[in-house]
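Heads up, the thing below is written out as structure tokens.
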Amino acid sequence: MKGNLIIISSPSGGGKGTLIKEVREMLPDLGYSCSHTTRPQRFGEEEGREYFFISREEFEQRIESGDFLEHANVHGNLYGTSLAESRKVFNTGKDLIVEVDVQGALQMMANADLDGSRISIFILPPSFEVLRARLTSRNTEEPDELRTRLKNSFNEVSEYQKFDYVIVNEDLPTAARQLAAIITAERQSTDRQTSAIKGILDSFDASRHLFEGE
Ligand code: 5GP
């Protein structure tokens, strides 16, 4: 059975990376696809863990070859979800969680070639001030870059209504529990359980003779 595609988006600094890490510990059978980016590697980041860091030239070649499920220019760098990485997870039947910017999320929601169910979740910071404080204190961007990310957050938060769910990320453990609850509930949807339910219904069919004639 094919898993759900769980699309997580938020403005930069919304805390979705930390939230996803937390939820993957709570739900270890959740598949994850590591994105590709042309953004320079930050101190402490590992190739193939946070991202596959590639040149703009290689990224453009990969777009040409149709290697991405979605891709976008985010704050001046290119980011993309690899089709091959995603397929690897889907082939195991697991749910796949992807962390993408709002443009990438909208592309995935609109992609008619993607079968299976898609759930989109927007992570909203509790206020602009909190977003600014989080982005500033993580100290990973130059002042110009920080300003671009904050400026872009206005348009990003205005798209929240296009998502199926919204989580306000005020307190990490609470937000992680809410995200895990959504993923778990979606797994119980009737559509997702058709093949498991078939075996149960077959057992009822096989016992129908016990009541024949009554
Ligand atoms: P950062 O540079 O802070 O790691 O990420 C910047 C933005 O790019 C974040 O909003 C992040 O979610 C988004 N992003 C990360 N990977 C992808 C991806 O594969 N596709 C798209 N569209 N956005 C991504």
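The values are calculated or read from the model by the stated rules, or taken from the named source; none is laboratory data. Note that the coordinates shown come from a computational prediction; the quantities given were computed from them, not determined experimentally. Quick reminder, even Gly has a Cβ in these numbers, built from the backbone with ideal geometry, and neighbours come from all protein chains shown. Side chains included, ligands, DNA and RNA excluded: accessible areas come from the protein's heavy atoms. Shrake-Rupley method; radii C 1.70, N 1.55, O 1.52, S 1.80 Å.
In this structure the amide hydrogen of Phe52, modeled in the peptide plane, comes within under 5 Å of the amide hydrogens of Ser35, His36, Thr37, none closer than 5 places in sequence on its chain. Give me the accessible area per residue for the chain, probe 1.4 Å, as a whole number in Å². Heavy-atom SASA per residue in the chain reads 57 Å². The calculated pair-distance distribution of the range 134-201 uses every alpha carbon pair, bins of 5 angstrom beginning at 0, and gives 3, 12, 13, 14, 16, 13, 9, 6, 5, 4, 3, 1, 0 percent. In this view, the solvent-accessible surface of Val166, computed with a 1.4 Å probe and all protein chains in place, comes to about 70 Å². Each residue was assigned an accessible area with a 1.4 Å probe, and for Glu145 the value is about 50 Å².
Here the range 8-57 is treated as a sphere whose radius is the Kirkwood value from Cα pairs; by Stokes-Einstein at 4 °C and 1.567 mPa s it diffuses with a coefficient of 105 µm²/s.
Solvent-accessible area assigned to carbon and sulfur over the range 5-191 amounts to 48 percent, based on a 1.4 Å probe. In terms of Cα atoms, the Rg and Dmax of the range 89-143 work out to 15.8, 43 Å.
What dipole magnitude, in Debye to the nearest 20, does the chain give about its Cα centre under +1 on Lys/Arg Cβ and -1 on Asp/Glu Cβ?
320 debye
The simple spin-label model puts a point 7 Å past each Cα toward its Cβ; for Leu114 and Met26 those points are separated by 2.2 nm. For the peptides 149-157, 108-116, residues were scored by their other Cβ atoms within 10 Å and the scores averaged per peptide; the highest-first order is 149-157, 108-116. Seen from every direction in turn and averaged, the convex hull around the alpha carbons of the chain projects onto 15.0 nm². Here's how it looks for Gly3: its modeled amide H is under 5 Å from those of Gly93, Lys94, which are all 5 or more places away or on a different chain.
Applying 1/(1 + (r/R0)^6) with R0 = 25 Å to the Cβ-Cβ distance of Ala206 and Lys2 gives a FRET efficiency near 0.35. Full extension of the chain segment joining Glu58 with Phe43 gains 3.2 nm, where the gain is 0.36 nm per residue of separation less the Cα-Cα distance.
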